[in-house]
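Here is the structure we will look at, set down as structure tokens.
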Amino acid sequence: MHHRGPDDTRIEYTDGMAYGFKRLAVVDLEESAQPLHYHQGRWTVVFNGEIYNYRELRAELLRAGATFETSGDTEVLAAAFHHWGPAALQRLRGMFAFVAYDHWTGTLHAARDQFGIKPLYVLETTDGIFLASERKALLPFSGDPAASLDTDALAHYLTFQYVPEPMTLDRQVRRLAPGHRLTWTPSGGQRIERYFRASLRPLNLQPEVAYQAVQDALRGSVRAHLRADVPVGAFLSSGVDSSAVVALAREVHPDLHVFTAGFAQEGYSEIEIATDTAAQLGVRITPTVVTDDDVIRELPRIVHLLDDPSADPSLIPLYFLARTASRYVTVALSGEGSDELFGGYTIYREPASLAGLDRLPTGMKRGLRNLSEVLPEGMRGRSFLQRGTTPIEERYYGNARIFSPAEKAELMRFTAEPHTAITAHLYAETADVDDVASMQYVDLHTWLPGDILQKADRMSMAHSLELRVPFLDRAVYAAAAGLPTALKLPPHSRTTKHALREAMRGIVPESVRSRRKLGFPTPTRVWLKGAIGDWVGGLLADSRAGHLLDLGYAQRLLADHRAGVADHSRKVWAVAMFCLWHAIHVEHSIKVTAPAGAQPMSMSN
């Protein structure tokens, strides 16, 4: 894990516990080495992330009698846990995954932040418990990856385009879920408890009051996220999310340096728009153009970094964007989390568009559903009838829907649990809110940690760049949680995130405030018809994952795509990324070399 922290390496072994830490120094550069010991050696702490309100907590703890030997946030975390116990988690404003061992009681404590910004993997065997920021660090203890491959997790990957938490493709290794804490003792094993639940409950709010609350919360969050003893920059795309972060950060740092990325293919770049936004905001911008050769060369390393496969192609430009930014800054602010909190996805408008069908009697809906089944594939109106007559619990399971259950039955050579195993309890927890709030809730607990934050962490830390996400802040969440659907997706407007756009009126350029969401446009469809498609074809032909998936089926999809019969780019890409993962982690037929400076960690008593 050298890429996560090249500034310092510390290894300790005491009381039957081993600690290893790779530090990326951001706060209190000269001190705050880890593992950190606190209160006469009672606590040993290793901590990944940042506590943005550590100065305020430090002052409060001093009044409570705490003592400090450093000026960093790690010791504040240790002191907070010592003085307040697990209740300290409710007071932390930040992103974190940490382990704190209590030598007096022999109890291990671990926790992960409220939204899952920072990862934490857990493996328990007869030898003890192992925790790490990346699953690859646990490979020496987890056994044969082929024998322990979780086919349920693979089936879900083929649906969602990522492996949903807390699963991994190794059935022995799990991720501690966002907003959860873990305790472990040698005699009692592990116990996991939830300490935070992100919940959206629309309230009757006055629009102007709501908009001002959003603006104030986001401004305060951005300022807190700028705290660092190293250079801080920001990512800038074409949308209102990153533009809001940059505009508010510029209020504090007028010389802010921002970064953007795009592709050489026409229509697949946000560089021009981002450059114009940067000029209007008066900030310096550095663009990155990603070529097809870049993709082919770096994909094996990207998949290795992910630990589990992801079919989200937008992680590729994010990888190169972070690489460029890391040459200038150590910390970058970004706009992740805004869509889930403020209603930024176009699919959230679907309940309103299907309302007419939803109000029909059950028998009539059943008849229309049967009619849709006999209509030709691709016929206008077929999908509308299918989705409008299907309960939301069955038709919506996240932003990315790759293979349908019928397609998975044709592709997979094994049986697995249905995709509803991931989302059923989430819908049960939101039975008292409208469909839009339910959809956001599903995405907050699946898509956000499983895809958005996973790629953000891995692609930034690949280049020793700390990515901070001001939208995923306690205060911003509180301002967004009670927004009624009409203030997020007003019926008279085609835009999304209405409350956020109104909150940013006069702060971001008007051309940006009213622009629809583009995301990271990635030319996967074009790639698969060129040299990258040739490479993918070779990957599918050579893969030894045929006992798991019908790769002939995938090759036919690729052939039809290249012939222009249909756009199968997302499906082909999903299978190809799994085959690449399988070649690296199971077959070992593709080698990924460690970056310069990485060394194996040895340990001695």
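The values are calculated or read from the model by the stated rules, or taken from the named source; none is laboratory data. Owing to the predicted nature of the structure, the values given are computational and were not obtained by experimental measurement. For neighbour counting, all protein chains shown are included, and Cβ atoms are generated from backbone atoms with ideal geometry for every residue, glycine included.
A few points about this structure:
- Of the residues His463, His425, the single one that is over 15 Å from the mean Cα position of the chain (by Cα) and without any contact (Cβ under 8 Å) to a residue 60 or more places away in the chain is His425.
- Matching option when the condition is modelled with pLDDT of 95 or more, in a helix (DSSP H, G or I) and more than 30 Å from Val575 (Cβ to Cβ), among Leu483, Leu500: Leu500
- Where Thr183 falls short, out of the listed (1) of a type outside the set (Lys, Arg); (2) assigned to a loop (DSSP other than H, G, I, E, B); (3) under 26 Å from the mean Cα position of the chain (by Cα): (2)
- Strands (runs of 3 or more DSSP E) (entirely within the range 100-173) containing at least 2 residues that are under 24 Å from Thr14 (Cβ atoms), β-branched (Val, Ile, Thr) and out of contact with any Ser or Thr (no Cβ under 6 Å at 6 or more places or on another chain): 121-125
- Pairs with Cβ under 9 Å, 6+ apart, first in the range 123-151 and on the phi > 0 side of the Ramachandran plot, second part of a loop (DSSP other than H, G, I, E, B) and at pLDDT below 95: Gly128/Gly16; Gly128/Pro186
- Flag if Ile285 is closer than 19 Å to Thr522 by Cα and among the β-branched types (Val, Ile, Thr): no
- Filtered residue count, the range 309-360, keeping only those that are under 29 Å from Thr390 (Cβ atoms), of a type in the set (D, E, K, R) and touching a residue at least 40 places away in the same chain (Cβ under 8 Å): 5
- Restricting the range 231-260 to residues that are at pLDDT 95 or above and in contact with an Asp or Glu (Cβ under 8 Å, 6 or more places away or on another chain), the residue that is farthest from Ser460 (Cα to Cα): Asp241
- Filter pass, Ala25 being part of a loop (DSSP other than H, G, I, E, B), in the same structural domain as Gln114 (by TED's automatic domain parsing) and touching a strand residue (DSSP E or B) at 6+ places or on another chain (Cβ under 9 Å): yes
- Which listed residue, of Ser142, Ser133, is of a type in the set (Gly, Ala, Ser) and surrounded by 21 or more Cβ atoms within 10 Å (Cβ to Cβ): Ser133
- Note on the range 455-480: residues that are farther than 14 Å from Gln440 by Cβ, of a type outside the set (A, V, I, L, M) and either in contact with a helix residue (DSSP H, G or I) (Cβ under 6 Å, 6 or more places away or on another chain) or in a loop (DSSP other than H, G, I, E, B) (or both) amount to 8.
- Out of Asp127, Asp73, Asp150, one residue alone is of a type outside the set (Val, Ile, Thr), more than 30 Å from Ser464 (Cβ to Cβ) and buried (at least 18 other Cβ atoms within 10 Å of the Cβ). It is Asp150.
- Scope the range 294-326; condition within 16 Å of Gln161 (Cα to Cα) and outside any helix (DSSP H, G or I); matching residues: Asp307, Asp308, Pro309, Ser310, Ala311, Asp312, Pro313, Ser314
- Test result for Glu410, touching an Asp or Glu at 6+ places or on another chain (Cβ under 8 Å), loosely packed, with under 12 Cβ neighbours inside 10 Å and either at pLDDT below 95 or not assigned by TED's automatic domain parsing to the domain that holds Met577 (or both): yes
- Residue within the range 95-111 that is over 19 Å from Pro35 (Cβ atoms) and at pLDDT 95 or above present: yes
- Members of the range 205-223 found to be among the β-branched types (Val, Ile, Thr) and under 9 Å from Ala503 (Cβ atoms), listed by number: Val214
- Being under 17 Å from Leu218 (Cβ atoms), surrounded by fewer than 23 Cβ atoms within 10 Å (Cβ to Cβ) and at pLDDT below 95 holds for only one residue in Arg505, Arg513, Arg494, and it is Arg513.
- Options Ala541, Ala554; residue that is assigned by TED's automatic domain parsing to the domain that holds Trp581, of a type in the set (Gly, Ala, Ser) and either part of a loop (DSSP other than H, G, I, E, B) or without any contact (Cβ under 8 Å) to a residue 60 or more places away in the chain (or both): Ala541
- Residue pairs meeting the criteria (Cβ under 6 Å; at least 6 apart or on separate chains; first more than 23 Å from Arg219 (Cβ to Cβ), in the range 49-70; second of a type in the set (Ser, Thr, Tyr) and buried (at least 21 other Cβ atoms within 10 Å of the Cβ)): Thr70/Ser32
- Here Ala247, Ala198, Ala261 are screened, and the one residue that is closer than 15 Å to Thr288 by Cβ and either under 21 Å from the mean Cα position of the chain (by Cα) or part of a helix (DSSP H, G or I) (or both) is Ala261.
- Sole exception among (1) within 24 Å of the chain's Cα centre (by Cα); (2) hydrophobic (A, V, I, L, M, F, W, C); (3) in a loop (DSSP other than H, G, I, E, B) for Val508, by number: (1)
- Of the numbered criteria (1) farther than 30 Å from Gly506 by Cβ; (2) at pLDDT 95 or above; (3) of a type in the set (S, T, N, Q), the one Gln265 fails is (2).
- In the range 315-365, the residue that is surrounded by the fewest Cβ atoms within 10 Å (Cβ to Cβ) out of those that are hydroxyl-bearing (Ser, Thr, Tyr) and more than 18 Å from Val240 (Cα to Cα) is Thr362.
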